[in-house]
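Participant: Okay, handing you the structure first.
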Amino acid sequence: MSIVFKAISVAEREAITSFTMKSPFRNCDFSFANMCSWRFLYNSEYAVVDGFLLIRFWIEEDSRPVYMCPAGEGDFSRAIRLLEEDSLSQGHPLRILGVTQEGKSLIEQSFPEGFRFIPNRDYFDYIYLREDLITLQGKKYQSKRNHVNKFNKLYSYKYLPITPELVPECLTLECKWYKANRTDEDAEKLTHERRSLTFALQHAVELGLTGGAICADGQIIAFSFGAPINSDTFGVHVEKGDIRYDGVYSVMNREFASHIPDRYIYVNREEDLGIPGLRQAKESYRPAILLEKNIAIKKLPR
């Protein structure tokens with residue numbers, strides 16, 4: 001049986017989230033908003049087969065297909081075999097990316113000794129208790145409280161939900177941020193990010209995004225947005241701020257967490273990509289879960 005994959009677009013939100021919202025997978029890769037806003041780079045596709053959501057995308061450097069862990073109920077081993085058939089038909093052994101412990105357990109139960117699992121620390125997700133990000137209680141958050149208190153003393157600000165009318169101002173801030181942070185080494189990466197960000201903001205309603213911004217001195221000085229990953233975890237996909245306002249990121253983080261719907265217990269703030277400063281910043285918020293993600297590679301028959 002060959003799988004008929006379909007391009008992921010904003011029109012596919014209900015079809016995809018009907019699986020992801022019920023799944024145990026909390027990794028940021030399962031956010032529909034992420035799948036859709038990055039499709040331009042990965043040509044992401046999906047199919048629904050025998051009760052499972054199957055996701056395929058393409059690694060640009062060698063034009064090979066890779067997959068996400070099947071999400072759904074039914075014969076999990078059959079879903080994996082279908083992915084393997086599809087991958088082999090493209091000339092490559094099966095690779096599944098972003099495999100968490102839940103996915104690893106399912107794969108190992110279905111295919112004992114059938115896969116190699118390679119963890120990549122740079123792509124582990126940082127997941128926090130939403131309540132911790134709001135209250136900043138305890139000694140471990142003393143420095144964060146200090147940043148927030150200093151900002152509150154220095155500036156008068158408003159928190160605003162991102163509406164279509166506010167999107168141009170957010171993009172103006174992003175443009176300033178891009179010019180201030182762009183280097184020759186990461187120019188391509190940041191260009192991809194701003195394309196994804198722009199698409200997401202311009203299709204916020206269709207993607208199911210929640211967004212918020214900090215306004216001070218009559219202008220937007222920070223904004224953030226994200227979307228649900230599953231029934232108890234909300235993903236924060238973008239956060240930008242003007243660092244001339246001391247403490248602006250601490251305030252943006254806290255305000256946004258407090259405006260995420262109450263039903264979400266966890267907040268996934270994604271990976272650090274091995275960037276030292278980003279790793280330090282994410283670790284400083286003391287994640288409740290450092291979510292291990294693996295590449296699962298199907299072993300070839302001897």
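The values are calculated or read from the model by the stated rules, or taken from the named source; none is laboratory data. All values reported here derive from a predicted model rather than from experimental measurement. Methodologically, a virtual Cβ is constructed for each residue, glycine included, from the backbone with ideal geometry; neighbour enumeration extends over all protein chains shown.
Participant: Can you tell me which residue is farthest from F19 (Cα to Cα) among those in segment 199-231 that are hydroxyl-bearing (S, T, Y) and surrounded by 16 or more Cβ atoms within 10 Å (Cβ to Cβ)?
Facilitator: The extreme case among them is S224.
Participant: Something else about it: Condition test on P287, is it outside the structural domain of E169 (by TED's automatic domain parsing) and either surrounded by 14 or more Cβ atoms within 10 Å (Cβ to Cβ) or without any contact (Cβ under 8 Å) to a residue 60 or more places away in the chain (or both)?
Facilitator: Yes, satisfied.
Participant: Condition first: part of a loop (DSSP other than H, G, I, E, B), closer than 21 Å to V66 by Cβ and among the hydrophobic types (A, V, I, L, M, F, W, C). Now tell me which residues in segment 8-33 satisfy that.
Facilitator: Residues satisfying the conditions are I8, F25.
Participant: Within segment 248-278, work out how many residues are at pLDDT below 95 and assigned to a helix (DSSP H, G or I).
Facilitator: Number satisfying all stated conditions: 3.
Participant: Just to verify a result, which residue in segment 77-125, among those that are among the basic types (K, R) and exposed (fewer than 14 other Cβ atoms within 10 Å of the Cβ), is nearest to L273 (Cα to Cα)?
Facilitator: Across segment 77-125, the extreme among qualifying residues is R121.
Participant: Here is a follow-up. What pairs come up if the first residue lies in segment 135-149 and is surrounded by fewer than 15 Cβ atoms within 10 Å (Cβ to Cβ), the second is at pLDDT 95 or above, and their beta carbons are under 7 Å apart, counting only those six or more places apart or on different chains?
Facilitator: Close Cβ pairs (under 7 Å, with a partner that is at pLDDT 95 or above) amount to K140/R286.
Participant: I'm checking my understanding of the structure. Among residues of segment 124-149 that are among the aliphatic types (A, V, I, L, M) and within 30 Å of N294 (Cβ to Cβ), which one is nearest to the chain's Cα centre (by Cα)?
Facilitator: I127
Participant: Given the residues Y159, Y178, which is the only one that is aromatic (F, W, Y), assigned by TED's automatic domain parsing to the domain that holds N253 and at pLDDT below 95?
Facilitator: Y178
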